[in-house]
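*Asks:* Quick one: this structure, given as structure tokens, is what I'll be asking you about.
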Amino acid sequence: MTSQAMTIMIQGTASNVGKSLIAAGLCRVFHNRGLKVAPFKAWNMSSNSYLTEEDIEIGIGQTIQAIAAGSKPDVKFHPVLVKPLGEGKTELYLNGIRQGQYQFGDSDHQLNLKINEAINKSLDILKSEFDLIIFEGSGSPVELNRVGPDFGNMFAARLNNTPVFLTADISRGGALADLVGTLKLLSSEDRNLVKGLIINKFRGDFELLKPGLDFLEKHTGKQVLGTVPYLQKVNLPEEDTSPHLQLDQSTDLTYLEEEIENIAQQLEESLQIDSILNLARRDRNG
């Protein structure tokens with residue numbers, strides 16, 4: 001595999017902790033700093049999608065992130081899309097091409113090889129064309145009932161020795177324990193890829209939170225790279241809704257510009273952006 005581009009990855013302790021939003025905000029932050037940025041989500045299950053100008057379906061999250069990065073939505077940003085059909089059935093798309101229906105949880109060796117190839121092919125192209133690739137994980141990296149490779153998380157991170165930033169949603173409560181537990185359940189190899197922790201959706205007095213963050217750093221050996229406030233007025237399309245949502249070239253998404261800029265500003269103020277970029281450079285240079 002080629003290794004020109006820097007890479008970072010936003011993973012989460014669970015679904016809906018804010019991975020997509022933080023990845024989108026970082027796409028805009030580094031785009032504004034003059035880097036050529038690409039989003040990347042190796043594997044994702046989503047009921048909603050965006051139809052590119054090539055009539056290829058990709059996830060709405062990667063569409064928003066592409067806009068944030070100043071790029072056109074492209075299937076290379078999202079090579080594996082799994083659409084739930086109900087009753088345990090799914091529909092699989094690789095690089096925008098429908099592969100057929102599968103029972104959720106199927107782990108077929110030949111199918112896994114095809115998924116592996118699709119991810120590697122997209123990533124190789126992106127690494128030759130961009131300065132920085134911002135990966136987004138899927139769900140949690142320690143789903144203990146998962147069957148087969150975890151294509152959406154540590155499998156993708158290992159491909160390029162990508163530094164991972166693990167995110168937790170503190171508005172739910174138990175976020176610090178979620179971070180500790182997730183790190184504990186990772187293999188030592190994968191745990192070493194985690195270079196920092198992010199607290200998302202914080203409301204309240206930071207001085208009351210700070211002792212917990214100090215304990216977290218001492219207990220895990222991982223630095224807390226920032227605490228992102230709860231953003232109440234964010235208006236972004238959801239990846240999963242009922243009824244299902246499909247956006248396309250005719251959908252007016254111009255309003256996203258202001259939303260994305262506001263998110264990027266919050267991340268600039270809340271996260272150690274220079275540290276994140278330095279970690280990406282350090283891992284690229286070995």
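*Asks:* So, with +1 on the Cβ of K and R and -1 on the Cβ of D and E, and no other charges, what is the size of the charge dipole of segment 1-93 about its Cα centre, to the nearest 20 debye?
*Replies:* 460 debye
*Asks:* With respect to the cross-link table entries 41/222; 41/83; 36/201; 184/210; 76/201; 76/222, which display a Cα-Cα separation exceeding 20 Å?
*Replies:* Those over the limit are 41/222; 36/201; 184/210; 76/201; 76/222.
*Asks:* Using +1 on the beta carbon of Lys and Arg, -1 on that of Asp and Glu, and nothing else charged, what's the dipole of segment 41-177 about the Cα centre, debye to 20?
*Replies:* Once rounded to the nearest 20, the dipole reads 220 debye.
*Asks:* Here is a follow-up. As I understand it, the value is the acute angle between the Cα axis of helix 273-284 and the longest principal axis of the Cα atoms of the chain; what does it come to in degrees, rounded to 10?
*Replies:* Helix 273-284 sits at roughly 60 degrees to that axis.
*Asks:* Provide the per-residue ³J(HN,Hα) series for segment 135-149, in order, calculated from phi with Karplus coefficients 6.51, -1.76, 1.60 and θ = phi - 60°, each as a whole number of Hz, with x at glycine and proline positions.
*Replies:* Listing the rounded values in order: 6, 10, x, 10, x, 10, x, 10, 6, 6, 9, 5, 9, x, x Hz.
*Asks:* Let me ask another. Output ³J(HN,Hα) for segment 115-127: one whole-Hz value per residue in order, computed from phi by the Karplus curve 6.51 cos²θ - 1.76 cosθ + 1.60 with θ = phi - 60°, and x for Gly and Pro.
*Replies:* These are the phi-based 3J(HN,Hα) values: 5, 4, 5, 5, 5, 4, 4, 5, 5, 4, 5, 4, 5 Hz.
*Asks:* Something else about it: For helix 256-270, what angle does its Cα long axis make with the longest principal axis of the chain, in degrees from 0 to 90 and rounded to 10?
*Replies:* Its long axis makes an angle of about 30 degrees.
*Asks:* Another question, then. Along each of the three principal axes of the Cα atoms of segment 7-88, give the extent in whole Å, ordering the values from largest to smallest.
*Replies:* Cα spread of segment 7-88 along its principal axes, largest to smallest: 46, 34, 16 Å.
*Asks:* Helix 19-32 sits at what angle to the longest principal axis of the chain, using alpha carbons and giving 0 to 90 degrees rounded to 10?
*Replies:* Computed tilt is about 80 degrees.
*Asks:* Follow-up question, since we're still on this one. Quote the charge dipole size of segment 185-286 about the Cα centre in Debye, to the nearest 20; the model charges only the Cβ of Lys and Arg (+1) and of Asp and Glu (-1).
*Replies:* Using only the charged Cβ atoms, the result is roughly 720 debye.
*Asks:* So what are the ³J(HN,Hα) numbers for segment 173-180, from phi and the Karplus equation (6.51, -1.76, 1.60; θ = phi - 60°), rounded to whole Hz, Gly and Pro as x?
*Replies:* Coupling constants for segment 173-180: x, x, 5, 5, 5, 4, 5, 4 Hz.
*Asks:* Over the chain, what portion of Cα pair distances is larger than 25 Å, expressed as a whole percent?
*Replies:* 44 percent
*Asks:* Roughly how far apart, in whole Å, are the Cα centres of segment 148-227 and segment 82-122?
*Replies:* Value for the Cα centre distance between the two parts: 28 Å.
*Asks:* Provide the convex hull volume over Cα atoms per residue for segment 65-131, in Å³.
*Replies:* Dividing the Cα hull volume of segment 65-131 by its residues yields 97 Å³.
*Asks:* Moving to a separate point now. Which FRET efficiency, nearest 0.05, do residue 268 and residue 129 yield, Cβ-Cβ r, R0 30 Å?
*Replies:* Working from the Cβ atoms, E equals 0.75.
Read-outs: derived from the displayed coordinates by stated rules, not from any lab. As the structure is a computational prediction, the values presented were derived from the model and not from experiment. Note that each Cβ is placed from the backbone with ideal geometry, even for glycine, and that neighbours are counted across all protein chains shown.
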